[in-house]
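A.B. asks: After the C-alpha cells below, expect a handful of questions from me.
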C-alpha cells in the first residue's frame, strides 16, 4: 500500500459526459501528479501540483483540468468525454517539487461508451 | 517522439536465472533514472533509482547500471523469482525546476518456475 488513495476504482460513462477523479496523496506529500495510461502505452504525464499550485503541464488536453485543494487532495476533471479517453488514470505523490521517487495510487479505470 | 524507450515488450526467464531489462533514452538532459514495477490492477511501485553521477546502484537482488555515453540503462534481477513477474517501467527525470518523470512503455517480465 503506497498510501495514495484514488476514487473511484472504476467509472463507466458515456461520450460527451463529464467526470471527476479524486486523489489523496501520502501524508506529508505536497506534490501530486496525474498520469494517463492508455492501451499499450506507457504512463503519460498530464499535470503536476505542488501545495495547491500548478507546477508543470504535460500532454493534458484542454478538455481536462485539475486542482489541488488546501487539504492537498487533488481532483482531475475530464469533460466532453470521447471514446479515446478510456484509460487508466493514476495519481502519484511525492514530498518534493522535483521528480525523484513518486508513489502511485491504484488508479481509476475510466471506460467511455 | 519517445524520449524513453523500452524496446522489448516482454521477456521470459526461468526462476533462479538473471533477468536483464533494458532502457534507452534520447534526452541528454535526463540525469536521474528510476525503475518501477507494476502488477495488474495496481499502481506502479518504485523499485530502484540511479543518479547520473553513478554508473551502478544495487539494492538486494536488483541492480541498475547506467551507461551515459550510450544513453542506456539496464535493470538486473538476480536471482529471478516468480513473484518478480510484472511489468517494469523505466523512467527518467531532468531534475530541472519542477521536473517530472518521463516513462517508457514498459517490459512485461515473466519468470517461470
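A.B. asks: Springs between alpha-carbon pairs under 10 angstrom, Gaussian network model over chain A: which of A:94, A:74, A:27 fluctuates most?
C.D. replies: Of the options given, A:27 has the highest mean-square fluctuation.
A.B. asks: Still on this structure, I have one more. For region A:20-76, what are the per-bin percents of Cα-Cα distances with bins 5 Å wide, up to the bin holding the maximum?
C.D. replies: P(r) over region A:20-76, rounded to whole percents: 4, 20, 31, 24, 14, 5, 2, 0.
A.B. asks: How many angstrom lie between the Cα centre of region A:43-113 and the Cα centre of region B:37-113?
C.D. replies: Their Cα centres are 22 Å away from one another.
A.B. asks: Using the Cα atoms as the points, what is the convex hull volume per residue of region A:55-113 in Å³?
C.D. replies: 107
A.B. asks: Now, a different point. Please list log₁₀ I(q)/I(0) at q = 0.28, 0.29, 0.30 Å⁻¹ for region B:35-81, using the Debye equation with identical point scatterers on the alpha-carbon positions.
C.D. replies: -1.05, -1.08, -1.11
A.B. asks: Can I ask one more? Under a crude label model (7 Å from the Cα following the beta-carbon direction), how far is residue A:82 from residue A:54 in nanometres?
C.D. replies: Each label point is offset 7 Å from its Cα along the Cβ direction, giving 2.0 nm.
A.B. asks: Return an integer: the convex hull volume of the alpha-carbon atoms of chain A, in Å³ per residue.
C.D. replies: Per-residue hull volume (Cα only) is 92 Å³.
A.B. asks: Taking just the alpha-carbon atoms of the protein assembly as shown, what radius of gyration and Dmax come out, in angstrom?
C.D. replies: According to the Cα coordinates of the protein assembly as shown, Rg and Dmax are 17.4, 51 Å.
A.B. asks: Taking Rh as the Kirkwood radius, which is the inverse of the mean 1/r over Cα pairs, what is the Rg/Rh value for region B:1-58?
C.D. replies: Taking Rh as the inverse mean 1/r over Cα pairs, Rg/Rh reads 0.98.
A.B. asks: Ranked by Cβ crowding within 10 angstrom, fewest neighbours first, how are A:71, B:24, B:1 ordered?
C.D. replies: Ascending Cβ contact count within 10 Å gives the list B:1, A:71, B:24.
A.B. asks: Per residue of B:44-51, what is the mean number of Cβ atoms on other protein chains within 10 angstrom of that residue's Cβ?
C.D. replies: The shielding value for this peptide is 3.
A.B. asks: For region B:1-110, divide the Cα radius of gyration by the Kirkwood radius and give the resulting Rg/Rh value with two decimals.
C.D. replies: Result for region B:1-110 is an Rg/Rh of 0.95.
A.B. asks: Still on this structure, I have one more. Please list log₁₀ I(q)/I(0) at q = 0.16, 0.27 Å⁻¹ for region B:50-107, using the Debye equation with identical point scatterers on the alpha-carbon positions.
C.D. replies: Computed log10 I(q)/I(0) values: -0.60, -1.26.
A.B. asks: Grab the beta carbon distance between residue A:113 and residue B:42, set R0 = 22 Å, and tell me the FRET efficiency rounded to 0.05.
C.D. replies: 0.35
Every number in this text was worked out from the coordinates using simple rules, so none of it is lab data. These figures come from a predicted structure and were not determined experimentally. Quick reminder, even Gly has a Cβ in these numbers, built from the backbone with ideal geometry, and neighbours come from all protein chains shown.
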